[in-house]
1. Which distance in nm do the two modelled labels at residue 566 and residue 522 give, with both placed 7 Å along the Cα-to-Cβ direction?
2. With unit charges on the beta carbon (Lys/Arg positive, Asp/Glu negative), name the residue among 559, 583, 618 whose Cα is farthest towards the positive pole of the charge dipole of segment 524-627.
3. Where the centroid of each part is defined by its Cα atoms, how far is segment 600-673 from segment 498-515 in Å?
4. Past the 28 Å Cα-Cα mark, which pairs from 581/669; 563/591; 325/591; 97/298?
Amino acid sequence: MCLDYCCKLDHNRRQRSRQVEYDPTFQGPLKNRSCTDVICLFLFIVFIACWIGVGLFVFTNGNKDILLLPVDSNNSRCGYDPHVAEKKKLFFFDITKCLSPAVPFTGCPTNQICVEECPKDTFLWNKNSELNYMKLKCVQGIQPKNNEEGDDFVNKGLCARYHLKSNDLLNRCIPDVTDDFSQITNQIKDLTKDNVETSVKNIELLQNMEQVGHDIIKDIVESWREILGGIGIAIVACLIYMLMLRWIAGPVVWISIVATIAGLAACVYFTVTYYIYYKDHPKEEANANTIFQQYVRKKGFWLTLLIISSVALLIDVLMVIFLRKRIFIAIAIIGEASKAVSSTLMSFVFPIFPWIFQMAIIAFTLVVALYITTISSPQYEVKNFDKSNCNGDYEDGDSCDMNSFKKVRINNCKATCEFVGMGLSSLRTPLHVFNGFAFFWSIFFISAFGQMVQAGIFATWYWTRDKSDVPFWSVTKSVARTLRYHIGTLAFGSLILAICRMIRVALEYIDHKLKKYDNPFTKAILCCMKCFFWCLERFLKFLNKNAYIMCAIHGKNFCTSAKDAFSLIIRNILRFHVLDKVTDFVLFMSKLIITAGVAAIVWSFVTYVSERQLKYILVPVIFVAIVTYLVTSFFFNVYSMAVDTLFLCFLEDNERNDGSAHRPYYMSKNLRAILGKKNKTS
């Protein structure tokens with residue numbers, strides 16, 4: 001093969017410039033090692049302690065019961081905060097601002113205020129109409145005293161220029177589209193019946209999200225037996241698949257690849273069929289009764305799926321055609337990895353614990369994020385306080401309580417306790433940023449811990465000449481070794497990834513904020529920066545993973561391990577890159593075929609066997625498909641780590657030893673045969 005030919009051609013050069021010296025005492029992962037990257041360990045501990053403190057702070061100052069209350073533009077919670085306790089409805093200043101399709105997800109970008117009642121009639125501001133100012137709806141604390149003042153407030157955006165007859169929908173004032181408001185449509189830009197209907201529809205979708213979520217949860221609860229059955233089938237399928245890889249890796253992998261291509265071809269066929277149907281029947285979209293149906297009955301939805309499935313099918317076919325020889329090598333390496341995994345079956349059980357920790361971190365992060373949004377409280381200040389006419393020891397600008405402040409007003413006291421804003425609301429952004437960064441750092445840390453432990457397990461298997469002598473407690477030893485010596489290294493590597501991810505999130509936020517300016521130069525700069533940091537994160541993940549493998553073997557700090565791993569890979573870049581990517585492709589195809597198979601079984605059962613009446617019949621199918629993919633990723637990530645560790649060990653073995661009687665290779669006979677290596681008997 002071309003790959004082996006290139007390696008043989010380069011053999012003499014690498015022999016002359018061998019980077020790893022032969023060490024007769026080296027027998028795999030070192031037992032005597034020292035703690036690495038201790039400073040990063042202390043930094044990580046302090047950071048986690050601060051994160052827990054933030055959680056306690058928001059749990060103490062937040063209130064989960066107000067999450068669904070309508071909130072005005074000043075973050076006042078309608079019907080809850082004291083200054084708006086009697087104003088339970090939310091009123092939108094300019095309904096035409098709610099035309100964007102993103103409104104159900106981002107909210108309506110117009111002034112919103114709390115009001116006691118929704119408008120009962122249609123109104124348009126006219127400064128020449130007597131007492132017209134009394135009908136204006138203005139922001140909190142603004143109340144015009146005459147038409148001139150009202151006109152000034154309207155022009156400044158402090159009062160709504162118009163309002164339409166509205167109905168109450170979940171305490172939101174939604175215009176009544178059946179009312180005739182044609183008398184004001186010519187005087188307000190974009191105020192047409194179609195636009196109002198679109199805006200109302202978007203606001204209703206915003207409110208219906210809660211109902212959709214309720215229906216989805218209800219369907220999941222109703223179909224829990226089918227879901228548990230599907231998950232059970234997924235686990236059994238993964239176990240059977242891995243046993244088959246142990247003995248007949250070649251046929252299993254090729255069947256998976258062919259089945260995946262056939263499945264993608266079927267997807268192309270069905271998406272074409274539905275695209276043509278909804279293209280020829282555009283009225284179907286108008287008859288949709290749910291949000292799900294509104295999206296599914298759009299021809300653009302099926303066109304998008306068609307493009308995705310077609311591109312995926314083309315890529316798969318081309319990869320199989322041009323990399324078929326490399327696939328044979330990848331299959332052989334997967335077979336060797338199966339032996340390493342089967343020799344330590346606890347390596348399948350161990351990833352459960354990092355996964356549980358990651359789920360706990362995700363749950364904690366979401367709860368903290370929800371509580372952060374509720375930590376604001378109304379703040380009031382004293383205005384126009386006169387000690388000669390008022391009781392109490394107050395000064396203008398002092399904080400006050402509306403209930404207790406009533407006692408200071410006597411005689412001609414004109415002092416007021418006015419709402420000035422929401423306290424603690426300024427902490428939301430920094431707390432959300434801190435919470436997000438803590439989430440990324442901890443998630444990457446747990447992932448790194450799992451990678452290093454597995455690297456220690458498989459490296460022990462590789463560097464044991466007689467595979468029957470592999471320690472039974474290799475998983476426990478690897479966990480203990482990582483916890484005792486290398487937590488700091490894991491914190492260092494995960495910190496680098498977390499910083500890179502936060503930069504990417506910041507770029508996405510900046511891009512979102514700058515979209516309204518439509519500047520091509522800015523778009524180009526942001527696009528280049530996002531692409532650069534995406535590539536950088538991919539590279540850092542690759543480098544970190546191999547650094548953890550080298551650290552698990554030699555016990556060196558992060559920077560030294562990363563340098564050694566990168567140098568080793570660069571010296572064997574062609575062999576490593578091709579086989580690594582082909583192996584990833586083969587494992588990915590295996591994940592897809594198992595996921596698609598289990599999803600098809602659940603869909604057939606729910607559709608033709610089960611008698612349950614579900615709102616969305618695809619909910620249990622999609623749920624099972626997601627869980628199945630996570631389960632397959634859970635199992636196959638063990639294989640992926642085994643392949644990466646064994647191949648890196650092979651590269652070092654190839655440079656450390658030469659196959660002579662004094663310096664024999666550690667690799668198995670099958671691996672030596674695959675890669676063209678031999679151990680001399682004398």
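Quick note: the coordinates plus some simple rules give every number you see, no bench work behind them. Quick caveat: nothing in here was measured; it's all calculated off a predicted structure. Here the Cβ is made from the backbone with ideal geometry for all residues, glycine too, and neighbour counts use every protein chain on show.
1. Label at residue 566, label at residue 522, 3.5 nm between them.
2. Result: 559, furthest along the dipole toward the positive end.
3. 32
4. Numbers: 581/669 24 Å; 563/591 32 Å; 325/591 21 Å; 97/298 24 Å.
Flagged as over cut-off: 563/591.
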